[in-house]
Amino acid sequence: NGPLTRDARVREPHDNDFTEMSGSVSHAGEVANLRVSAAFIDHSLQTRYDATGAFGGTGPAAFDEDRSVDLSVAEAVLTSSGEGRLAWLLGAFASQTNEIDKAKLSELAGGPARSVYRRRDNLSEGALYGEAAYDINKRFTVTVGGRLFATRVSSESDDFDLAPGLIQPKRHVSDSGVAPKFRASYAWSPDLVAYIQYQEGFRAGGFNIPAAADGVAPGRIGSAFQPDRLRNYEAGGTLALFDRSLRLRAAVFHADWSRLQTDQYLSSGLQMTVNIGDGANTGVELEATWRPDSHWEVRGNLLVQDPTLTRSSDSFPAALDIGLPGVSSVLGSADAVYRWQVADGWRGEASGQLAYVGHSFLTFDGAAASRMGGYAAGRLEFALSSERTRVQLVVDNVADARGDTFSFGNPFSRARARQSTPLRPRTLTLSLGRSF
């Protein structure tokens, strides 16, 4: 085969349908402003995977997944208006998620299709939150906030044709808690501001289908996984120089992640969610924007961090010295834009960008086949525009660089061959836009 191609014994079509309806109502008052919004999302996905050799079989086989998700969300936010020392907001949030996931295995050499599992999941979430920022004086501001949340997860599954006699009754679990926020900022001048901040995040737990549903894998993964929580500490500031033509921002942060949730795969290819252990990440983030005149704008940013797994649980093997999957230790980009007036109402714009993504691993075992990242890609853009017309030429991946953006594609063939999602090859796009 040539480059950027792959072999599969079974064709792998995918169909993805997404529908969203949303609306909002807002009212501006003398004391407070009110905004109420709601949305409904319907998402259905049908995917076929080449499952040859999975589930103990030897001939060509297909794993067909049919997933349907509907999500309803509503939120109301009340914010203060006016110019007093105190600024505040109050909010209420509610969501309901229903998901039906079905999977079947088809031996393409003959025989009927067999159900691997059918599961129904429901997640209800609700929260009340608030925040108040008070100017102690013209330079010092303190912000205190919090989110009171509650979640309820229920799950049931059946139709385990590969493991006859396997039964999993309906289960449910509820969680609640408070996620606080604190921030203090001090302005030595309008051009020099520093801050410190603490914030927490929470994610609900849930349930797996039984690990024995594939009829092959040992049942060493628990049927339930626990909530995980993120605690983030940050300090930073902004600085403007040279009549505010140069703006700098810097931040240092540390995050503690307890009972980290992660999706892992059994030897058969079935996905399970486990609490892999505890993690942490410490890093520095830098940003700079330079506008020397009305023509030029130059920007750059750099993120250097040290993601680590500090404790590994007994439920799934994990290496402690490879970082956190999908989290690169170095990320950076730089771009420059030049704008000018051409003639007769036409404006010109030329820009270039270079971005770098460092190495990371897909999984917690640090296998060479799951290594990804470590590439740089450039982009050039040229445009001419008037009040109603825009002509644009874009060159993506200018040097036609090769890189693995995501070392995954098919969970059932990961053991047979290296998988990668390559960078899009060099691409030229010419577009013409007209407003009426």
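None of the figures in this text is laboratory data; all of them are computed from the coordinates on show. Keep in mind it's a predicted model, so treat the numbers as computed, not measured. So basically every Cβ, Gly included, is an ideal-geometry build from the backbone, and we count neighbours across all protein chains shown.
The spacing between region 295-371 and region 62-113, judged by their C-alpha centroids, is 27 Å.
Relative intensity of region 60-191 on a log10 scale, I(q)/I(0) at q = 0.14, 0.17 Å⁻¹, equals -0.80, -0.97, per a Debye sum over C-alpha point scatterers of equal strength in the absence of solvent. The calculated FRET efficiency for the pair D243 and V73, based on their C-beta separation and a Förster distance of 41 Å, comes to about 0.40. Taken over the chain, the alpha-carbon convex hull comes to 198 cubic angstrom per residue.
Residues considered: Q341, Q392, Q419. Largest GNM mean-square fluctuation over the chain, using C-alpha springs under 10 Å, is found at Q341. Placing +1 on the Cβ of every Lys and Arg and -1 on the Cβ of every Asp and Glu, with nothing else charged, gives the chain a dipole about its Cα centre of roughly 380 debye. Note on R6 and R114: the model spin-label points, each 7 Å out from Cα along the C-beta direction, lie 2.6 nm apart.
If you take all other residues with their beta carbon under 13 Å from the beta carbon of G130, and give Lys and Arg +1 and Asp and Glu -1, the sum is +1. Label point of L34 set 7 angstrom out along Cα-Cβ; within region 62-97, amide nitrogens under 12 Å from it belong to 76-79. Which residues does a label at D135 reach in region 81-114, if reach means a backbone N under 11 Å from a point 7 Å past the Cα toward the Cβ? So the set is 83-87. The P(r) of region 339-436 has a tail past 18 Å containing 60 percent of all C-alpha pairs.
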